[in-house]
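Each value in this text was obtained by applying a stated rule to the coordinates, not by laboratory testing. All values derive from a computational prediction rather than experimental measurement. As a convention, Cβ positions derive from the backbone with ideal geometry for all residues, glycine included, and neighbour counts pool all protein chains shown.
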Amino acid sequence: MSPSKRHNLINLTIAVAMAVIFAIDLNTPLGLAVPFLYLLLALFAIGVSAPNRVLVLIAVFGPLLAGVKLLVHPDNGVVWFGQVNRLIFSMLIWVAVGLEWMRRTLEAERRENSRKLEKQVQERTEAWRIANQKLEIEVTERKEAEATIIDYTSRLRALSQQLVAVQDAERKALATELHDRIGQNLSALNMSLNLNLAMLSNPLPPADLPAIRARLKDALSLVEQTTEIVRGVMEELHPALLEQYGLKTALRWHGEEFSGRTGIAFHCIASESFPRLQGKVETSLFRIAQEALINVAKHARATAVTVTLTRTTSCIELQIGDDGLGVPPERLPQPTAGNGWGLAIMAERARTIGAELQIKPGSDKGTTVVVTVPNGYWETA
């Protein structure tokens, strides 16, 4: 039975009971014990948890109806005894109803206090939970920050060692270049000049002049060759074309040099409207391309390599793809220090300009290096 139906049944029962008690009281000659029935009705209402308004009605109408008997039959029994009897039971009804009212009030206050206390406990628990969650997040973030610092420290140490190794390798390569190419030319030039000087120290017959002129032409040719070699070495170290004409022109020039040295066909694909980039971006992309071409020459066994420069709505992209042996996707090297200093240098150069470096298998065969520079990092002022 639903609570509303139960309350309606209780209210109807109490109303019928009160009418029956009043009818009994009117038709009982003395009726001294009848007011007791009103008290029992009040106790019944309390026992079944009747609503407060029902208790108030019993407390008001019970004594009122009990007093009506004396008005209707004033001479039925001892008047004063009936009045006292009804007064006593009326007072008992009021006391019972009043005590129940107080109990219910205290119970309501207790429930309210319990509800407030429970709410406070929930709020405190939620506050503690949130504080604990924040603390856990802070601890996690601190651990992640510490791990990141350790990782960057390790990478910095590795890169420092790598930088020293690369500098030593570059010095050695430069020394070898100077010794093998410029040194030989200078030695030959020195011998030719000394021989000509020895011949010029004595009077020369006219027949020796053509030989001296030939040696001087050879010496001049050696000077020109040496000059070209020095210029080439300087261009390798820092190509002037990169500053003057931009990345596209510098890559094409370097590709031609690369193809001439290695015999690997070189192609550069870039639109004529490809923009100039920030100086550090152009330098980093040029160095990455240089390193990638070195790797192609050393490891790829390729016959051709293609460098592509692309501008999209969101980025600048540099691709260096070869048609060499290639590597399965699961064995592709990652650009970290542990997989070769060349790749690590390329990755670090990319990071310094806010770019991303990826190594992918080629669409047909070979390997492709992709460098993506997002907008906001390459634009010139």
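Give, in nm to one decimal, the length gained when the segment between residue 157 and residue 13 is fully stretched (0.36 nm per residue of separation minus the Cα-Cα distance). It would help to have the intermediate numbers written out before the result.
Values: separation 144, 0.36 × 144 = 51.84 nm, distance 9.21 nm.
Fully extending the segment from residue 157 to residue 13 adds 42.6 nm.
If each residue's Cβ is checked for other Cβ atoms within 10 Å, how do 102, 346 rank with the fewest at the top? Provide the component values of the computation, followed by the final result.
Working: 102 10, 346 25.
Fewest to most other Cβ atoms nearby, the residues stand as 102, 346.
Taking the beta-carbon count within 10 Å as an exposure proxy, list 106, 241, 357, 251 from fewest neighbours to most.
Values: 106 10, 241 17, 357 20, 251 28.
Ranked by crowding around the Cβ, least crowded first: 106, 241, 357, 251.
Using a Förster distance of 30 angstrom, determine the FRET efficiency expected from the C-beta separation of residue 294 and residue 356, and round it to 0.05.
Approximately 0.90, to the nearest 0.05.
Under 5 Å between amide hydrogens, which residues at least 5 positions from residue 323 or on another chain qualify, with H placed 1.01 Å from N in the peptide plane?
Correct list: 303, 304.
Determine, for 266, 274, the number of other Cβ atoms within 10 Å of each Cβ, and report the residues in order from fewest to most. Could you put the intermediate results ahead of the total?
Working: 266 20, 274 15.
Fewest-to-most Cβ neighbours within 10 Å comes out as 274, 266.
Please state the shape class of the range 239-374: rounded when a/c is under 1.5, otherwise prolate if a/b exceeds b/c and oblate if not, all from the C-alpha gyration tensor. Mind dumping the intermediate values first?
Details: a/c = 1.55, a/b = 1.21, b/c = 1.29.
Verdict is oblate for the range 239-374.
Just to verify a number: FRET efficiency for residue 303 and residue 370, C-beta to C-beta distance, R0 = 25 Å, to 0.05?
Values: r = 21 Å, r/R0 = 0.84.
Step by step, r from the Cβ atoms, then E = 0.75.
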